[in-house]
Amino acid sequence: MLLRVIVSENEIRRLSVEDIPSSVKELYQVLRTNLGLRGGFILQFEDPDFNNQLCNLTNIKDLPVDRATLKVLFTADDGSDSTLDTGSLPSTSSGDSVEWPDPFPIPQFSHDVELQLKEANCRYAKDGSLTVIPKSLKTDILDTLADRMSKISAYPERQHYENVAKALVEKHPCLREPGSEKGWYSWFHSLKFKLGNYRQKLSAAGCPEVVVNKRKAGGSKGKCVKKSKKGEVNYCPDPPEGQSSENMEEKRKIMEGEMLKRDPDHQLLEDLMVTTFSQRRKEIIGDQPHITELISRWPALFYEKQVITQLEFRRIVTTDLLESFLDGLDGLIPRLLEVYKAATKSGKKQSLKDILDCLVKDVSGTAHVDTLDDALKGIQLGLLIACEGGERSAIPHEVFDVAVVVEETIVLHNIKDVAQSFAMLMGVIYCVNLKYPDDMKYSFEFLQRVVMKIRPDQASARVHGLRNKILRYKL
């Protein structure tokens with residue numbers, strides 16, 4: 001199928017698709033992958049029934065079979081019901097906003113490579129003979145695949161490499177390797193090496209997602225790679241077109257001055273936060289500043305009304321913070337309680353039983369401190385709950401303030417609800433790019449992947465097992 005895609009007045013692309021997409025959604029994914037389209041958009045096509053006038057494409061069967069002309073109309077949202085104006089958001093680097101396609105659509109190679117592969121595929125179909133791959137042919141194939149993969153993510157996971165290698169030998173069976181059960185194992189390793197080299201080119205070209213991992217002189221080789229690990233969609237985006245670091249620094253200073261006012265302009269703050277998003281993410285991910293320095297430079301991020309924190313989370317994950325957390329919690333709490341009660345019947349989990357007992361009666365013994373400094377001491381990441389009354393219980397009933405604490409510093413407060421404060425804690429983790437604490441990493445992973453449903457398919461074995469146990473439990 002041959003497509004003529006009108007991206008803009010000055011950009012009209014020609015695209016050949018071997019297999020006709022089965023749905024409009026699949027066609028969207030093909031265009032995102034092959035043309036590197038970003039953000040939300042709708043498609044229109046020239047309808048032959050109306051003298052080739054443009055009509056919105058809602059059914060893939062309406063599209064002419066052999067060749068068609070499509071027009072891309074970019075929208076201000078990403079297809080969700082978000083009220084955030086994403087039209088001014090910077091473009092994402094290396095395709096962070098594009099989901100990894102499965103199966104991976106193998107792109108069309110250069111004309112000479114396609115001719116060689118066509119002839120080799122014919123020989124394979126005739127007598128099953130595999131082709132001897134010249135170095136130049138393999139290099140051309142790997143270069144094309146690396147370019148296409150990097151537009152989705154500069155740091156693919158293992159299953160992504162396997163996905164591409166498998167799709168390659170399925171489309172071109174002449175490239176299968178002898179002596180391998182799956183037939184694509186060497187392609188898997190070649191792709192890993194090729195993309196590693198390709199990242200050096202991206203770094204030299206200034207790709208923010210790769211630049212943040214550039215090793216400084218004298219730095220250690222074994223440092224952790226900075227990449228999306230918690231389902232971030234806009235992890236380290238490119239700056240907006242026409243905006244330099246100097247321009248964004250000026251806007252940051254305007255925002256800093258606005259925060260000194262008694263009643264700052266909320267709309268101005270949000271507009272400036274959108275414009276400086278890429279600069280802020282670059283600082284947070286690349287420089288990893290202490291939380292006090294971050295509050296000093298970006299005070300609006302921790303504005304007391306917490307609205308900006310929620311919008312920042314939406315920019316990073318493209319998901320509503322409170323809605324995803326509270327709705328997920330409401331759906332799981334009844335099953336969770338029953339699973340926990342069943343686990344305590346054996347008498348082996350006394351600590352869990354003590355917590356459940358707190359839900360039906362007051363049990364004294366919570367920590368009590370005389371000063372705020374004592375309360376904050378040692379808290380690297382957590383909540384500080386203030387409750388009324390002289391009696392102290394493990395589950396406080398009269399909460400008048402909850403604060404989110406990072407590195408012994410209160411970053412958000414005046415939260416009246418414990419459940420909402422947990423959601424804000426997750427929001428701060430994403431906004432500040434914090435790592436889950438080692439002793440609670442599975443608890444936070446459960447909140448992310450099971451409660452909030454952010455990349456649930458990448459859950460660890462322990463969290464996946466608990467999720468299955470909860471979902472199987474009948475109330």
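Throughout, read-outs are computed from the coordinates displayed, never taken from laboratory work. Nothing here was measured: the structure is a model prediction, and the numbers come from that model. Here Cβ is always computed from backbone atoms with ideal geometry, including for glycine, and neighbour counts include all displayed protein chains.
Points to keep in mind about this one:
- Amide proton proximity set for L381, modelled H, under 5 Å, gap of 5+: E407
- Distant alpha-carbon pairs in region 245-317 (separation over 20 angstrom), percent: 22
- Set of lysines near K182 by C-alpha distance (under 23 Å), chain-local residues within fewer than 8 positions excluded: K118, K126, K135, K138, K166, K171, K192, K194
- Take the Cα of E177, go 7 Å toward its beta carbon, and the backbone nitrogen atoms of region 189-204 under 18 Å from that spot belong to 189-197.
- Placing unit charges on the Cβ atoms only, positive for Lys and Arg and negative for Asp and Glu, gives region 245-317 a dipole magnitude near 180 debye about its Cα centre.
- FRET efficiency for the K349 to R462 pair, using the beta carbon distance and R₀ = 22 Å, is estimated at 0.85.
- Förster radius 56 Å - calculated FRET efficiency between K435 and T58, Cβ distance, rounded to 0.05: 0.80
- Toward the positive end of the charge dipole of region 245-317, with +1 on the Cβ of Lys and Arg and -1 on the Cβ of Asp and Glu, the farthest Cα among H266, S278, M248 is that of S278.
- The calculated FRET efficiency for A386 paired with H189, based on their beta-carbon distance and R0 = 56 Å, is about 0.50.
- Over the Cα atoms of region 111-211, the radius of gyration divided by the Kirkwood radius equals 1.01; this is the Rg/Rh ratio.
- Quotient of C-alpha Rg and 2.2 N^0.38 Å, computed over region 2-75: 1.01
- Mean Cβ count within 10 Å, highest first, over the residues of peptides 44-52, 340-348: 44-52, 340-348
- Net length available on complete extension from D49 to S129 is 24.1 nm, with 0.36 nm assigned per residue and the Cα-Cα distance removed.
- In loop segments of region 285-345 as defined by DSSP, the GluC sites (Glu not before Pro) with at most 13 further C-beta atoms inside 10 Å of their C-beta are E304.
- Between D140 and I20, full extension at 0.36 nm per residue minus the direct alpha carbon distance yields a gain of 40.6 nm.
- Whole-Å distance, taken between Cα centres, linking region 270-318 and region 128-170: 37
- Among 427-435, 415-423, 200-208, the order from most to least packed when residues are scored by Cβ within 10 Å on average: 427-435, 415-423, 200-208
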